2 protein chains.
Amino acid sequence: MKDWNRHNAISDFVRTRRKESKMTQSELSDLTGVGLRFVRDLEQGKPNLMTDKVNQVLLFFGHTLAPTPISDETRRNLGE
Amino acid sequence: MKDWNRHNAISDFVRTRRKESKMTQSELSDLTGVGLRFVRDLEQGKPNLMTDKVNQVLLFFGHTLAPTPISDETRRNLGE
DNA sequence: AAATAATATACCCAAAAAGGTATATTTTAT
DNA sequence: ATAAAATATACCTTTTTGGGTATATTATTT
C-alpha cells in the first residue's frame, strides 16, 4: 500500500485554508457535507480520494481540482 | 446518479492532449498503465474518479491535480 | 461502398473508498 | 496540572470504483 503523505498540494491547501478560517475539522465537515473521516483522510494525505468529494471541500474555498503543470517538488518525489 | 459531463477541465484536458499527441485511447492506456476503461470514463466525464488514477494519466502530460481558483478554471484549461 | 480502426456502451467481479462509531493521542484553555 | 477540545487511529459495513471482456456504434481509410 502506498504510504500517506501529509504534505502534498491538496492536503496542505485544505489544512491551511481551514486554519486560516479558524475552523475545526468537524465544522468543515458539516459545512461541506463530507464526512469527518474524509476531512481527516484528506488532510493527512490519503493517497486515493474521490475527485468529487475533494471538490466538495475545495469548492468551499472557491477552488476545484484541475490539471496543473507539475511543480519541482512533485517532480522530485516521483521516484518513490 | 449524477450525470456525466464530457466537457469539464479534466476530460477536456486529457482528450485534447491525447489527440495533439496523435494517440488512441488504447495507446494512452498502455503508456500510462491505467485500464482502457478508465481512459474512457475519464474522457467522457465520469463524475467520480480516483485521484491517483487521474494523476497517473495527467503525469504523462507533465501535469497533476491541484486546487485551482474557480474563476481561473476555464482559462487554465484552454491554454497551454 | 466495404473494411478496418477507434470509440462508446453493457455486463460482472474484486478491491477499496467513504462513512459511522469508538478509542487513543495530542493540543488548547482554565 | 487538569479538564476540555481537537485531532488521530482502529474496526466494521455499504457502496462504488476500476478493470476485464464482449458487443455496438461511430470514424477513418482504401
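Each reported figure results from applying straightforward, stated rules to the coordinates on display, with no laboratory input. Everything numeric here is computed off the predicted structure, so don't read it as measured data. Note that each Cβ is placed from the backbone with ideal geometry, even for glycine, and that neighbours are counted across all protein chains shown.
Within the stretch B:23-64, which residues are without any contact (Cβ under 8 Å) to a residue 24 or more places away in the chain and away from DNA strand C (no atom under 12 Å from the Cβ)?
Those that are without any contact (Cβ under 8 Å) to a residue 24 or more places away in the chain and away from DNA strand C (no atom under 12 Å from the Cβ): B:GLY33, B:VAL34, B:ASN55, B:GLY62, B:THR64.
If a residue counts only when it is away from chain B (no Cβ under 11 Å) and surrounded by 16 or more Cβ atoms within 10 Å (Cβ to Cβ), which helices (runs of 4 or more DSSP H) contained entirely in the stretch A:4-69 have at least 3 such residues?
Filter on the stretch A:4-69 gives A:25-32, A:36-43.
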